[in-house]
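One structure below.
The values are calculated or read from the model by the stated rules, or taken from the named source; none is laboratory data. Everything quoted here is computed from the prediction, not taken from an experiment. Cβ: placed from backbone, ideal geometry, glycine included. Neighbour counts: every protein chain shown. Ligands, DNA and RNA are stripped out before the accessible areas are found, and what is left, the full protein with its side chains, is counted by its heavy atoms. Shrake-Rupley method; radii C 1.70, N 1.55, O 1.52, S 1.80 Å.
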Amino acid sequence: MIAGDWPLWEVFVRGKRGLNHVHAGSVRAADAEMALRNARDLYTRRNEGVSIWVVEAARITASSPEEKDPFFAPSGDKIYRHPTFYDIPDDVPHI
Amino acid sequence: MSGATEQGAESFERAIERDQRIEPRDWMPDAYRGTMVRQIAQHAHSEIIGMQPEGAWITRAPSLRRKAILLAKVQDEAGHGLYLYSAAETLGADRADLTDKLISGRQKYSSIFNYPTLTFADVGVIGWLVDGAAICNQVPLCRTSYGPYARAMIRICKEESFHQRQGYELLMTMMRGTPEQREMVQDAVDRWWWPSLMMFGPPDAESANTAQSMAWKIKRHTNDELRQRFVDMTVPQAEALGVRLPDPELRWNPERGHHDFGEVDWAEFRRVVGGGGPCNAERIAVRRAAHEEGAWVREAAAAYAAKQAARRDAEQGREGEAA
Ligand SMILES: [Fe+2]
Ligand SMILES: [Fe+2]
């Protein structure tokens, strides 16, 4: 057996309290516990994190780049979702 | 070309033109993917093999402080290798396969690591010159067109600055020491200077891949441009240190606004890249032995994981029945 048989894990690191976990990269590991430890050694050698998530790469479902345009189209024409859509006179305060 | 491919090719070209990043699941030309995998893998292998010349001095570091620093530096290089293997995997390359290609000599690594580290001064000179040259190469790669590679480089560049500074500080300390210590530093500089200049690759006129890599914005500067930048940066550092760079033709050229320097021995470069350097065989043998001697650990970890997973499944099955 070779290390290639270890699954790939995607690593997400929370940089500090109050921030979201952000994708940092991936590690190979036999199980989740080992993936966490490897991720700690690899991605937080200089206090870059206070919390780590690992998830098996094969379990991630992602939108496909080919259908990027149709997939995100529904939000394209709804400009009324943005505050700038609304005209408010300049002399009205705090809005 | 099918409609989907045509569309993909168009958005690839547009992204490159607009200086946007290409991301893993985007359409890309096969040649771009191939070039990227080869370059990232070669870069990863260099980080991994690069642990050996300095790693050899960990047990013989002259103080606990130097030992701790060297350990951290070498561990960083392992980390750099892993960031890069991770980036290569986003292109569909397989990490185990890349390791196999390295230890069977089918993929290359930087020729600089095929030179021996004869004294502890070499540790300092590697940090100063070899990591210094690597920084020159790597800073522009932070803006390379392939997203995961660029992000790995940003992380790596942040860490490299410590590598160069610890090396320079080590040399400053030795230069304040005995005449023998100063001689050791000069001797190490004499041996590493030219191989460091080779790290930027063959001259532009002979570099077959440069034009395509520049067009795809993988590379932002040519080999000769980066080499010149490195020489210009290093000369004042050598002066401050009090060492002589071993090149009689090295001098400031006020008209060019750059230093002129002598011709690199490209025959030696080709010989070392081709496997004829002083340590090529040893570097690969050590990497191969580490991989093979670690096989039982990888097997044991996989067996343990399988056992734990089976136990968990069985417990969940029982709970399912009870409910
Ligand atoms: Fe490195
Ligand atoms: Fe380094």
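Annotations for the structure displayed:
- Checking each residue in the range B:125-149 for being of a type outside the set (A, V, I, L, M, F, W, C) and either within 16 Å of the chain's Cα centre (by Cα) or within 10 Å of ligand 2 (Cβ to nearest atom) (or both) picks out B:Gly127, B:Asp131, B:Gly132, B:Asn137, B:Gln138, B:Pro140, B:Thr144, B:Pro148, B:Tyr149.
- Every residue from the range A:1-50 that is aliphatic (A, V, I, L, M), in contact with a helix residue (DSSP H, G or I) (Cβ under 8 Å, 6 or more places away or on another chain) and within 11 Å of chain B (Cβ to nearest Cβ): A:Met1, A:Ile2, A:Ala3, A:Leu8, A:Val11, A:Ala24, A:Val27, A:Ala29, A:Ala30, A:Met34, A:Leu42
- Unmet criterion (only one of (1) in a loop (DSSP other than H, G, I, E, B); (2) away from ligand 1 (no atom under 16 Å from the Cβ); (3) crowded, with 17+ Cβ neighbours inside 10 Å) for B:Arg143: (3)
- Test result for B:Thr90, over 25 Å from B:Ser196 (Cβ atoms), more than 17 Å from the chain's Cα centre (by Cα), away from ligand 2 (no atom under 16 Å from the Cβ) and in contact (Cβ under 8 Å) with a residue 60 or more places away in the chain: yes
- Residue that is within 12 Å of chain A (Cβ to nearest Cβ), over 12 Å from the mean Cα position of the chain (by Cα) and either within 13 Å of ligand 2 (Cβ to nearest atom) or open to solvent by 30 Å² or more (accessible area, probe 1.4 Å) (or both), where the choices are B:Ala72, B:Ala68: B:Ala72
- Of the criteria (1) open to solvent by less than 20 Å² (accessible area, probe 1.4 Å); (2) more than 13 Å from ligand 2 (Cβ to nearest atom); (3) within 22 Å of B:Gln39 (Cα to Cα), which one B:Asp122 fails: (3)
- Residue within the range B:158-173 that is under 18 Å from the mean Cα position of the chain (by Cα), open to solvent by less than 60 Å² (accessible area, probe 1.4 Å) and either away from ligand 2 (no atom under 15 Å from the Cβ) or β-branched (Val, Ile, Thr) (or both) present: no
- Selection of the range B:161-216 for residues being among the acidic types (Asp, Glu) and either touching a Lys or Arg at 6+ places or on another chain (Cβ under 6 Å) or at pLDDT 95 or above (or both) yields B:Glu169, B:Glu180, B:Glu183, B:Asp187, B:Asp190.
- Among the residues of the range B:31-54, those that are of a type in the set (Gly, Ala, Ser) and either in contact with a strand residue (DSSP E or B) (Cβ under 8 Å, 6 or more places away or on another chain) or more than 13 Å from ligand 1 (Cβ to nearest atom) (or both) comprise B:Ala31, B:Gly34, B:Ala41.
- Verdict on B:Ala152 being within 14 Å of ligand 2 (Cβ to nearest atom) and either open to solvent by 60 Å² or more (accessible area, probe 1.4 Å) or within 14 Å of another protein chain (Cβ to nearest Cβ) (or both): yes
- Helices (runs of 4 or more DSSP H) wholly inside the range B:168-242 containing at least 3 residues that are charged (D, E, K, R) and either at negative phi or touching a Leu at 6+ places or on another chain (Cβ under 6 Å) (or both): B:179-198, B:223-241
- Residue that is nearest to the other protein chains (Cβ to nearest Cβ), among those in the range B:1-59 that are within 22 Å of the chain's Cα centre (by Cα) and of a type in the set (Ser, Thr, Tyr): B:Tyr32
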